[in-house]
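Computed from the coordinates by the stated procedures, all read-outs in this text should not be read as laboratory data. Keep in mind that this is a model prediction, so the values were computed, not measured. Please note: Cβ atoms are built from the backbone with ideal geometry, for glycine as well, and neighbour counts cover all protein chains shown.
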Amino acid sequence: MIATATKMTDKQAAFLKTLFSKVYGENAPEALLAWLEAHDCTPTAKQASAQITALLNTKTTAASTVTIPDGIHFTDGSVYRVRHAKTSGKQYAERLLTQIEREENDGKQWLYEASKPLVSLSADTLLTLAQARAFGHAYGVCAVCGRLLEDPDSVEAGIGPVCAKKF
Ligand SMILES: [Zn+2]
């Protein structure tokens with residue numbers, strides 16, 4: 001007897017239909033049909049599973065490119081300022097430099113890093129007051145505006161009084 005590959009299950013077919021409509025919207029029926037025809041209308045369970053993975057990844061990528069709020073973010077021990085460029089409309093990030101790094105960068109407070117840091121940022125990485133204060137204590141720099149903390153009260157708080165009100 002010739003071994004045949006396991007066919008796509010009903011569960012996979014139903015899930016694929018949902019995913020196609022989420023990713024392709026009103027073009028979903030054509031996209032689904034094109035995919036079925038590419039597999040002679042009898043996709044195997046393995047092919048269906050690969051397509052499910054691909055569609056799930058598409059969805060995640062599309063969502064993550066639109067949901068990073070502009071503002072101050074904190075991830076992996078670094079503070080980032082995220083903005084949209086006025087002319088191109090592109091979102092970009094600048095990393096807040098520590099005092100030592102500033103000496104190596106002509107006194108610059110924020111270093112332009114283009115879109116590279118954006119992949120690790122989301123609404124969940126927006127800077128909290130506790131993170132700002134911890135950063136201020138560690139580096140002597142206000143994590144919101146980037147200024148050096150010089151006033152004794154600000155040094156103790158780890159953040160400037162005006163910036164602390166933003167939380
Ligand atoms: Zn400040």
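List the relative contact order of the chain as a percent without decimals, with contacts defined as Cα pairs under 8 Å and 6+ residues apart. Don't jump to the answer; show the numbers that get you there.
Working: 209 pairs, mean separation 24.4, N = 167.
Relative contact order here is 15 percent.
Amide H to amide H, with H built 1.01 Å from N, Val79 comes under 5 Å of Leu96, counting only residues 5 or more places away or on other chains.
Estimated from the Cβ-Cβ distance and a Förster radius of 30 angstrom, the FRET efficiency linking Thr87 and Ala54 is about 0.30.
Taken over the chain, lysine pairs spaced eight or more positions apart, or on distinct chains, with alpha carbons under 17 Å apart number 8. Largest mean-square fluctuation among Phe74, Phe135, Phe15, in a Gaussian network model of the chain whose springs join Cα atoms under 10 Å apart, belongs to Phe15.
A simple rule links phi to the HN-Hα coupling: the Karplus curve 6.51 cos²θ - 1.76 cosθ + 1.60 with θ = phi - 60°, which for the range 157-164 gives 6, x, 7, x, x, 5, 5, 5 Hz, with x for Gly and Pro.
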